[in-house]
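What follows is a single structure, written as structure tokens, with notes after it.
The values are calculated or read from the model by the stated rules, or taken from the named source; none is laboratory data. These figures come from a predicted structure and were not determined experimentally. No Cβ is skipped: glycine too gets one built from the backbone with ideal geometry, and neighbour counts run over all protein chains shown.
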Amino acid sequence: MHGVKYDSIEYPVCFGKNGDLVGIAARRPIGPEEAYLFVPNKIIINDEKIMASEIAFIINRHKDVFDEHADAEYLRLMFFITYELSKEEKSMWYPYFKITERSDLPAFWD
């Protein structure tokens, strides 16, 4: 999935009495400070990517919300993720959104 490597772990895995707790399981013993997940920089969502996206003009027009507000960084991220979710299969992050529980995405946090 876009260069992400996670050969040492399995996701998603269901835990709990009813299997309603989703998490990650090791496929082999993982040592202390051993990396088990590799994510290429090109797919990490950050402010640089948000401000280079097709919605940056909206963010720039609403500085009071996306720059001056106490939660501006969170609001930019939420706005970007919501926009990318609306693109469905056309989003580069669609494979990630497809396997991620909605509750894991900041756009759906309370």
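Values for this structure:
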{"quantity": "Every residue from the stretch 23-39 that is in contact with a Ser or Thr (Cβ under 9 Å, 6 or more places away or on another chain) and outside any loop (DSSP other than H, G, I, E, B)", "calculated": "Ala26"}
{"quantity": "Some residue of the stretch 70-87 being within 29 Å of Tyr11 (Cβ to Cβ) and loosely packed, with under 11 Cβ neighbours inside 10 Å", "calculated": "yes"}
{"quantity": "Residues of the stretch 64-100 that turn out to be free of Cβ contacts under 8 Å to residues at least 24 places away in the same chain, in contact with a Ser or Thr (Cβ under 9 Å, 6 or more places away or on another chain) and among the aromatic types (Phe, Trp, Tyr), as a count", "calculated": "1"}
{"quantity": "Qualifying residue in the stretch 11-28 (condition: of a type in the set (D, E, K, R) and surrounded by 14 or more Cβ atoms within 10 Å (Cβ to Cβ))", "calculated": "no"}
{"quantity": "Criterion: of a type in the set (S, T, N, Q), more than 18 Å from His2 (Cα to Cα) and modelled with pLDDT of 90 or more - qualifying residue of Asn18, Asn41, Asn60, Asn46", "calculated": "Asn60"}
